[in-house]
Amino acid sequence: MTILQDDYNTQRPILGISEYGRHVQEYIEHIKSLPSKEERTSWVHNLAGIMATLNPDIKLQVNYKEILWGHIFQMADYDLDVDCPYEIVQVKQEFKRPEHLGYNASGIRFRFYGRNLQMMIDKAGEMEDGELKQDLVNMIASFMYNSCKAWNNENLSNEVIAEHLKTLSKGQLKIEGSELVVSADTTLNVRQPLPQKTNNFGRNNNNKNKNNKNRGKNFRRF
């Protein structure tokens, strides 16, 4: 029984110029393995014609043949022993993988609240006690209530919100649930009723029919 091996592009060598595809890259690797220099040169001439067919727009440039030979040498990593009719300028580009950006190290205790809420809670914890701070805490509590309702379809009680505030503020916001004034946003997820279409055409026809009947009743023969 023969087991086919998976061949993924991520496991293959990096393409010199990805626009030409992997078949052209493999074609060049085959040319490099040919024993005769004359044979290799002939194959490169043929490959340049194939590449011009794959990329016909390049023929609009005056020196397109020189450009194609330069591309071939670049994809061959400039390791190609052939009789080149042009002077090839080596443009060595080393492939460098982008640095890993990493993830935000600071975790979110309750994901459905989001990260901006933590900034608001930290700001409220730094404020002095007073009416302004209480208003901000009530606004935060209302946001927490509506966020949980939107994401989890669950209505939080004031006591649970107060406990979450205490946890997220690391004990700086100690408030009883009975002291919170939570405003439920009733505009969320509420579909406005569509305007009902009135059948004026039907009404007009009915009125015309009634008028015609009345005319028939009022008509007298003399």
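For residues that are surrounded by 12 or more Cβ atoms within 10 Å (Cβ to Cβ) and in a helix (DSSP H, G or I), tally how many sit in region 50-93.
The number of residues fulfilling the criteria is 18.
Going through region 151-183 one residue at a time, which ones are touching a Phe, Trp or Tyr at 6+ places or on another chain (Cβ under 8 Å), touching a residue at least 24 places away in the same chain (Cβ under 8 Å) and either under 19 Å from MET119 (Cβ atoms) or assigned to a helix (DSSP H, G or I) (or both)?
Matches in region 151-183: TRP151, ASN152, HIS164, LEU168.
Just wondering, is there one or more residues in region 188-207 that are under 30 Å from ARG109 (Cα atoms), modelled with pLDDT of 80 or more and either aromatic (Phe, Trp, Tyr) or in contact with a helix residue (DSSP H, G or I) (Cβ under 7 Å, 6 or more places away or on another chain) (or both)?
no
Checking HIS100 against (1) under 36 Å from the mean Cα position of the chain (by Cα); (2) at pLDDT below 90; (3) surrounded by 13 or more Cβ atoms within 10 Å (Cβ to Cβ), only one condition comes out false. Which one?
Here HIS100 meets the rest and fails (3).
Are there any pairs with C-beta distances below 7 angstrom linking a residue in region 20-35 that is farther than 10 Å from ILE72 by Cβ to a residue that is in a helix (DSSP H, G or I) and not hydrophobic (A, V, I, L, M, F, W, C), with the two at least 6 apart or on different chains, and if so which?
Partner pairs satisfying both residue conditions: LEU34/ARG40.
The values are calculated or read from the model by the stated rules, or taken from the named source; none is laboratory data. If you're wondering where the values come from, they're calculated on a predicted model, not measured in any experiment. Cβ sites come from the backbone with ideal geometry, for glycine too, and all protein chains shown count toward neighbours.
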